[in-house]
Every structure is written in C-alpha cells, then in structure tokens.
1. Consider Val79 carefully, then state whether it is in contact with a helix residue (DSSP H, G or I) (Cβ under 8 Å, 6 or more places away or on another chain) and touching a residue at least 40 places away in the same chain (Cβ under 8 Å).
2. Does Asp111 count as exposed (fewer than 14 other Cβ atoms within 10 Å of the Cβ) and either in contact with an Asp or Glu (Cβ under 9 Å, 6 or more places away or on another chain) or closer than 28 Å to Pro52 by Cβ (or both)?
3. Going by what's in this entry, would Leu45 be described as hydrophobic (A, V, I, L, M, F, W, C), surrounded by fewer than 14 Cβ atoms within 10 Å (Cβ to Cβ), over 27 Å from Asp141 (Cα atoms) and at pLDDT 90 or above?
4. Looking for something surrounded by fewer than 23 Cβ atoms within 10 Å (Cβ to Cβ), among the acidic types (Asp, Glu) and in a loop (DSSP other than H, G, I, E, B) - is there at least one such residue anywhere in the stretch 118-128?
5. Can you tell me which of (1) surrounded by 21 or more Cβ atoms within 10 Å (Cβ to Cβ); (2) in contact with a Leu (Cβ under 7 Å, 6 or more places away or on another chain); (3) among the charged types (D, E, K, R) is the one Arg59 doesn't meet?
6. Step by step: first the residues of the stretch 113-138, then only those that are without any contact (Cβ under 8 Å) to a residue 40 or more places away in the chain and not β-branched (Val, Ile, Thr), then the one that is farthest from Asn183 (Cα to Cα). Which residue is that?
7. Under the condition of being farther than 17 Å from Ala46 by Cβ and among the hydroxyl-bearing types (Ser, Thr, Tyr), which residue from the stretch 58-101 is farthest from the chain's Cα centre (by Cα)?
8. Here is a list: Leu35, Leu71, Leu24. Which entry is in a helix (DSSP H, G or I), of a type in the set (A, V, I, L, M, F, W, C) and closer than 20 Å to Met134 by Cα?
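The values are calculated or read from the model by the stated rules, or taken from the named source; none is laboratory data. None of the values given here were measured: they were computed from a predicted structure. All Cβ positions, even for glycine, are placed from backbone atoms using ideal geometry, and neighbour counts span all protein chains on display.
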Amino acid sequence: MFFFNLFSYWIDPIIIVCFLPISLVIYYLNFIYFLLLFGKLILILANLIHQPKEGIFQRSSKDKDFLFYLLRRNLKSFVLRIFNYFPLPWAKILALKLFNIKIPYKTGVLDSFIDSDFIEIGNNTILGEGSIIMSSMVLGDFLLIKKVILKDGCTIGAFSVIAPGTIVEEGVILGMGSFTKINQRLEKGFIHFGRPAKKWKKNGDNFILTKK
C-alpha cells in the first residue's frame with residue numbers, strides 16, 4: 001500500500017505535465033469555436049436589424065448604414081485577427097465564409113486583409129503577403145461601399161491594394177505594390193502593374209480555371 005501511494009504521488013504530476021499541452025490546445029480550440037459562433041450570432045442579429053448595402057453614406061453617428069458598417073467591420077476584424085495566426089490555412093477561409101464572404105477553399109489568403117462585406121473571390125486565386133482587398137473606403141465625410149470581384153485564377157501581388165468596386169477578370173496578375181482605382185476593371189489574362197494599375201502585357205502562363 002505504501003508503494004502504491006508513493007507511485008501515485010509521483011505519477012500524478014507526470015500525467016499533468018504530459019497532458020498539459022493537449023489540454024491547452026483543446027481549450028484554445030474551444031475558445032476559437034465559441035468566438036466564431038458568438039461573432040456569427042451578433043452578425044446575424046445586426047443584419048436582421050439593418051441589412052448591409054452598397055452606396056455612399058454620410059460618415060456620421062446619425063447614419064445607420066455607417067454605424068452598422070462600423071459594427072460589422074470591428075466584429076469581423078477582431079475575430080479574423082485571431083485566425084490570421086491559426087496554423088491551418090483553411091481555418092481563415094471558414095471564418096470568412098461564416099461572415100458572408102464568397103470565397104472557395106481553393107484560395108490562398110494567408111497574411112492578407114479582406115474587408116468585411118461585398119467581397120467575391122474565385123477559385124485558385126492567390127492573395128500575396130500584405131495585400132489588401134477593400135470594398136469600403138472613407139472619402140472625407142463620406143463612406144463608400146462597393147462590391148469587389150476577383151474571378152478565377154487571379155494573382156494579387158504582395159502589398160497590393162484592391163480599391164472598392166474593382167473587378168479583376170480571370171487569369172489577371174497584379175504586380176507587387178500596385179493599387180487599383182475605384183471601379184477599375186482589370187482585363188482578362190493580362191498582367192497589370194503600377195500606382196494606379198495599368199495593363200502591361202499578356203499573361204504568358206496558361207492558367208487553369210476550375211469551374212464546377
């Protein structure tokens with residue numbers, strides 16, 4: 001009996017130490033899961049009260065469109081900031097899908113910023129490190145919200161900026177550090193480069209579009 005108690009005395013700390021990393025991972029995953037569901041619930045309630053829409057709105061506390069835009073943006077930014085450090089690449093895409101962003105799993109989005117509303121991204125599109133996809137922009141005393149569409153097979157270079165209303169056609173490459181103008185359309189199958197982006201030359205790669 002004495003030896004059994006002595007063995008139990010030593011084995012308990014060993015078990016705790018061995019299972020501590022697993023316990024921490026489980027607690028972390030539960031926290032992420034709860035945070036995602038809580039954020040989705042708040043977003044559903046906010047959209048029931050006031051639906052998001054495109055347009056130009058007064059940047060004022062009296063404008064409901066502006067106030068609910070701030071609510072949605074801050075909520076999504078808080079949750080997605082945590083998913084930026086999640087080791088699994090599909091986790092951020094799952095969070096974006098739950099937050100009403102149209103994006104397939106065949107997309108590379110790590111280390112990029114994607115705005116809170118009115119974003120549509122196609123298959124096999126890659127967003128470079130530090131790239132920014134903006135469907136909203138503050139212009140003086142006004143807020144502009146306009147849908148952004150990135151079609152299949154696009155590559156957005158590192159530290160590039162996509163402005164509200166931009167449509168990027170299939171197979172487009174946007175060079176590193178470039179930015180688009182509001183409502184700009186980048187022509188299918190061409191490389192664009194510059195500040196603002198201008199058509200440079202035909203994309204020599206035979207990009208593959210996955211459409212099912």
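1. yes
2. Yes.
3. So Leu45 passes the test.
4. Within the stretch 118-128 (the criterion being surrounded by fewer than 23 Cβ atoms within 10 Å (Cβ to Cβ), among the acidic types (Asp, Glu) and in a loop (DSSP other than H, G, I, E, B)), the answer is no, since none of the residues qualifies.
5. With respect to (1) surrounded by 21 or more Cβ atoms within 10 Å (Cβ to Cβ); (2) in contact with a Leu (Cβ under 7 Å, 6 or more places away or on another chain); (3) among the charged types (D, E, K, R), Arg59 is out only on (1).
6. Of everything passing the filter in the stretch 113-138, Glu129 is farthest from Asn183 (Cα to Cα).
7. The extreme case among them is Ser60.
8. Leu71
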